[in-house]
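Reviewing the structure listed below.
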């Protein structure tokens, strides 16, 4: 018995260590970005610039190329990058608010459309609804790059090929949210719905008072996943947005940032905060949804 307990405890500690190491590896880029955001602009330029300067001439160089010198402990801890971004030059925050303007209607639209569409697919009596649903979710399996051209052609036909609208509309009517919520509706207690219909309840009342309260965890999970996807939009913005100052923060950081290299870490840290807040607020609902769908 003692041997079994020791083996079990060793196995638990080994799994705990494995989870801890995996979590550390996953969090490493975020920690690296956050810590380096407290680095001075001079040190950032010296460590991460490919060019040889007076500050990094004694570092690792080959010919006229300076190699990156990563660190998790800045030589001097300073808030100068955050002060410049938030107070001295708030132009950078314009791209942050562009992301908010783009994400809010996408997430709100999905939270409204996806449950309704999932309920319609599940309750409809149409003969070929499953074939239609299969054709619908195929779009979820296709890579984004394959869909941008059809989206652009459709948006041009509708006269909305520039701005936020051609990005928002395809995202709002995306297949993933409908698929996710319908998977839970498949295991929903059908007898409860039939009893409500026998009592004379309309489909709207059934949906509002019976279905919605029982799929709140999945809707919350959809909110987290939809926010994560919309917050990181890059390709669509490059195609549909022509005004540089309307670009979302993800696109600005990816292809548009040309300012002080010392600001990149501070801007990236600020960009991570909303996603982190949404995940922390929704993680319990996300886990509840996964457990419920798994039958636990």
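Here are some notes:
- When 167, 241, 233 are screened for being under 23 Å from residue 101 (Cβ atoms), buried (at least 19 other Cβ atoms within 10 Å of the Cβ), touching a residue at least 24 places away in the same chain (Cβ under 8 Å) and out of contact with any helix residue (DSSP H, G or I) (no Cβ under 7 Å at 6 or more places or on another chain), only 241 passes.
- Exactly one residue out of 116, 111, 102 is touching a helix residue (DSSP H, G or I) at 6+ places or on another chain (Cβ under 8 Å), closer than 21 Å to residue 251 by Cβ and assigned by TED's automatic domain parsing to the domain that holds residue 234, and it is 102.
- Which numbered condition residue 160 misses (of (1) without any contact (Cβ under 8 Å) to a residue 60 or more places away in the chain; (2) in a helix (DSSP H, G or I)): (2)
- Odd one out for residue 216 among (1) surrounded by 15 or more Cβ atoms within 10 Å (Cβ to Cβ); (2) under 27 Å from residue 280 (Cα atoms): (1)
- Filtering segment 259-295 to residues that are part of a loop (DSSP other than H, G, I, E, B) and either at pLDDT 90 or above or over 15 Å from residue 90 (Cα atoms) (or both) leaves 294, 295.
- Taken over segment 1-25, the criterion of being surrounded by fewer than 10 Cβ atoms within 10 Å (Cβ to Cβ) and at pLDDT 75 or above is satisfied by 25 alone.
- For segment 78-95, the criterion of being closer than 25 Å to residue 219 by Cα and assigned by TED's automatic domain parsing to the domain that holds residue 254 is satisfied by no residue at all.
- Unique match (being crowded, with 18+ Cβ neighbours inside 10 Å and under 30 Å from residue 157 (Cα atoms)) among 226, 266: 226
The values are calculated or read from the model by the stated rules, or taken from the named source; none is laboratory data. None of the values given here were measured: they were computed from a predicted structure. Using ideal geometry, Cβ is built from the backbone for each residue, glycine included, and neighbour counts are taken over all protein chains shown.
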